[in-house]
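Asks: Before I ask anything, here is the structure I am working with.
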Amino acid sequence: MRIAIIGSGYVGLVTGACLADFGHHVTCIDSNPKKIALLQSGEIPIFEPGLASLVRTNSQSERLSFTTGLAGPVGEADVVFIAVGTPSRRGDGHADLTFVYAAARDVARAVRGFTVVATKSTVPVGTCDEVERVIRKANPQAHVAVVSNPEFLREGAAIEDFKRPDRIVVGTLDDQRARDVMAQVYRPLFLNQSPILFTDRRTSELIKYSANAFLAMKITFINEIADLCEQVGAHVQEVARGIGLDNRIGAKFLNAGPGYGGSCFPKDTVALMKTAQDNGAPLRLIETTVAVNDQRKRAMARKVVSACGGSLRGKTVAVLGLTFKPNTDDMREAPSISIIQALVDLGARVRAFDPAGHEQAVAVLNETVVLARDPYNCVEGAHAVVIITEWDVFRALDLAQIARQMATPVMVDLRNVYRRDEVVKHGFTYANLGDGVCGDERTLSVAAE
Ligand code: UGA
């Protein structure tokens with residue numbers, strides 16, 4: 001099949017490379033000539049494990065190409081994916097659909113013959129209806145079927161997620177021809193046991209937002225349970241395991257942390273909340289999730305203060321991990337941003353190390369941090385070390401060496417990377433999440449009082 005993808009950002013590029021790898025002929029289009037020139041020369045503008053080699057092999061086999069010119073590839077395509085950005089609109093938090101509608105107008109002028117136009121960008125309910133209206137207005141003769149085909153891939157695991165998805169969702173206007181075309185696009189996947197779910201367009205659009213909102217809520221739930229564990233002397237990792245073994249709950253996305261970040265959950269929860277309010281069906285659970293998550297990030301700084309004995313004034317805090325999660329260089333809505341700002345406001349000097357995020361961190365954090373060249377250089381002379389992102393390289397640090405290098409050995413582990421006993425034996429004061437004083441110790445200390 002011939003496929004054109006408008007927008008060579010995260011979703012567009014991964015989709016393009018994977019569909020080419022399935023054997024389709026794919027052209028990725030982007031209006032940014034620098035990005036296209038980079039891709040044509042075999043370079044990847046984003047950090048995603050495995051993507052560079054997938055792009056290279058498929059470009060060499062001439063199944064994948066890159067261009068700024070939309071008309072040619074769209075004219076030849078059986079399917080055109082719209083995978084442009086949908087950032088939060090300034091002021092009201094609604095998704096900004098300017099790029100989606102601009103792409104729809106360009107497609108309208110370029111299509112030849114029957115073409116399926118699939119929105120891959122995360123778009124609010126009703127957007128496909130509007131895309132269809134925009135296309136018909138720009139070119140009443142266009143023979144198109146507009147479908148919704150949301151993407152569920154995670155940064156850092158994007159290729160695996162694309163090639164082995166839990167499900168593929170396609171929303172159409174009860175249009176068998178469009179369904180057949182989309183089934184053909186994803187044929188290698190459902191041959192591989194991934195179910196394909198056909199729905200109407202609005203349902204499909206809402207599935208995407210509901211999935212992200214539910215996952216954000218699940219993380220926020222375990223984060224609040226972690227806080228409760230600390231108060232009542234229970235252990236959140238065991239609670240998570242105990243509830244996660246119930247198939248109705250499931251074990252994934254129950255890792256307590258400093259709050260969710262990234263380019264999707266923060267933006268999509270707010271957009272869904274706004275849609276719900278506008279339609280007179282407010283989602284109170286999501287409203288609370290958003291508020292609790294916002295407060296959590298700065299609350300993490302208070303944990304550092306208390307581990308340091310009540311004050312950070314004049315102290316140096318070493319931060320390990322800046323990106324919103326491991327295996328990405330993405331700093332969007334990273335918890336580290338609010339945590340570091342709060343640490344600085346409380347009088348600390350911050351030194352930080354991240355395996356991939358330095359370039360983007362400089363743009364976001366400006367002068368607030370000094371960047372270190374490795375974890376050991378980062379902790380030298382520090383009064384506390386805070387693990388904010390659970391990169392693998394932080395899982396087996398030489399704790400004895402770090403304890404010797406620090407001015408005071410204090411570790412605040414916001415991802416529960418370590419076990420308390422393996423850290424305290426090196427003389428550290430150790431604080432993590434949801435690891436309360438256990439029942440027996442509590443009873444003993446109460447008895448002693
Ligand atoms: C998320 C969804 O997981 C994808 O399914 C979806 O396609 C994507 O958004 C999107 O809409 O494009 P992503 O933002 O790449 O993917 O990252 P996640 O792995 O979901 O992590 C999001 C945040 O939640 C991170 O800050 C992470 O640290 C946090 N998290 C995740 C936790 O704090 N605890 C967990 O147990 C899991």
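The values are calculated or read from the model by the stated rules, or taken from the named source; none is laboratory data. Keep in mind it's a predicted model, so treat the numbers as computed, not measured. Neighbour counts run over all protein chains shown; Cβ positions are idealised from the backbone, glycine included.
Asks: Filter segment 137-177 down to the residues that are over 30 Å from the mean Cα position of the chain (by Cα) and either part of a helix (DSSP H, G or I) or without any contact (Cβ under 8 Å) to a residue 24 or more places away in the chain (or both) and list them by number.
Replies: Within segment 137-177, 137, 138, 140, 141, 176, 177 qualify.
Asks: Within the group 374, 392, 398, 413, which residue is surrounded by 20 or more Cβ atoms within 10 Å (Cβ to Cβ), acidic (Asp, Glu) and at pLDDT 95 or above?
Replies: So the residue among 374, 392, 398, 413 that is surrounded by 20 or more Cβ atoms within 10 Å (Cβ to Cβ), acidic (Asp, Glu) and at pLDDT 95 or above is 413.
Asks: Separate question: Of a type in the set (Val, Ile, Thr) and within 12 Å of the ligand (Cβ to nearest atom), is that true of residue 286?
Replies: It is false that residue 286 is of a type in the set (Val, Ile, Thr) and within 12 Å of the ligand (Cβ to nearest atom).
Asks: Filter segment 122-168 for residues that are in contact with a helix residue (DSSP H, G or I) (Cβ under 9 Å, 6 or more places away or on another chain), of a type in the set (Asp, Glu) and near the ligand (Cβ under 10 Å from one of its atoms) and give the result.
Replies: Within segment 122-168, 151, 155, 161 qualify.
Asks: Can you tell me how many residues within segment 117-136 are under 19 Å from residue 178 (Cα atoms) and assigned to a loop (DSSP other than H, G, I, E, B)?
Replies: Number of matching residues: 3.
Asks: State the number of residues belonging to segment 39-49 that are closer than 25 Å to residue 325 by Cβ and either exposed (fewer than 12 other Cβ atoms within 10 Å of the Cβ) or at pLDDT below 95 (or both).
Replies: Going through segment 39-49 one residue at a time, the tally reaches 7.
Asks: Pairs only if they're at least six apart or on different chains, beta carbon under 9 angstrom, first in segment 254-282 and touching a residue at least 60 places away in the same chain (Cβ under 8 Å) and assigned to a helix (DSSP H, G or I), second of a type in the set (D, E, K, R) and away from the ligand (no atom under 11 Å from the Cβ); list them, first residue then second.
Replies: Taking only residues 6 or more apart or on different chains, the pairs are 266/294; 271/89; 273/287; 274/92.
Asks: Checking the condition within 19 Å of residue 432 (Cβ to Cβ), within 15 Å of the ligand (Cβ to nearest atom) and buried (at least 22 other Cβ atoms within 10 Å of the Cβ), which residue from 312, 320 passes?
Replies: 320
Asks: Now for a different question. Only one residue in 251, 256 is within 16 Å of the ligand (Cβ to nearest atom), surrounded by 16 or more Cβ atoms within 10 Å (Cβ to Cβ), under 23 Å from residue 390 (Cα atoms) and not basic (Lys, Arg). Which one?
Replies: 256
Asks: Taking the options 95, 102, name whichever one is modelled with pLDDT of 95 or more, closer than 27 Å to residue 209 by Cα and within 26 Å of the chain's Cα centre (by Cα).
Replies: 102 is the lone residue from the list that is modelled with pLDDT of 95 or more, closer than 27 Å to residue 209 by Cα and within 26 Å of the chain's Cα centre (by Cα).
Asks: On to the next question. Output the number of the condition that residue 189 fails; it satisfies all remaining conditions of (1) modelled with pLDDT of 95 or more; (2) within 16 Å of the ligand (Cβ to nearest atom); (3) surrounded by 16 or more Cβ atoms within 10 Å (Cβ to Cβ).
Replies: (1)
Asks: Do any helices (runs of 4 or more DSSP H) entirely within segment 327-431 hold 3 or more residues that are within 16 Å of the ligand (Cβ to nearest atom), and if so, which?
Replies: Answer list for segment 327-431: 335-345, 358-365.
Asks: Follow-up question, since we're still on this one. When you go through 100, 107 one by one, which is the residue that is within 16 Å of the ligand (Cβ to nearest atom), in the same structural domain as residue 70 (by TED's automatic domain parsing) and touching a Ser or Thr at 6+ places or on another chain (Cβ under 9 Å)?
Replies: 100
Asks: Is it the case that segment 70-82 has a residue that's on the phi > 0 side of the Ramachandran plot and either surrounded by fewer than 23 Cβ atoms within 10 Å (Cβ to Cβ) or among the aromatic types (Phe, Trp, Tyr) (or both)?
Replies: No, the conditions are met nowhere in segment 70-82.
Yes/no per residue for (1) aromatic (Phe, Trp, Tyr); (2) within 16 Å of the ligand (Cβ to nearest atom); (3) out of contact with any strand residue (DSSP E or B) (no Cβ under 8 Å at 6 or more places or on another chain):
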| residue | (1), (2), (3) |
| --- | --- |
| 193 | no, no, yes |
| 196 | no, no, no |
| 201 | no, no, no |
| 206 | no, yes, yes |
| 211 | no, yes, yes |
| 214 | yes, yes, yes |
| 218 | no, yes, yes |
| 224 | no, yes, yes |
| 232 | no, no, yes |
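Asks: Tell me, please, whether a residue that is over 15 Å from residue 416 (Cα atoms), assigned to a loop (DSSP other than H, G, I, E, B) and aliphatic (A, V, I, L, M) can be found in segment 240-249.
Replies: yes
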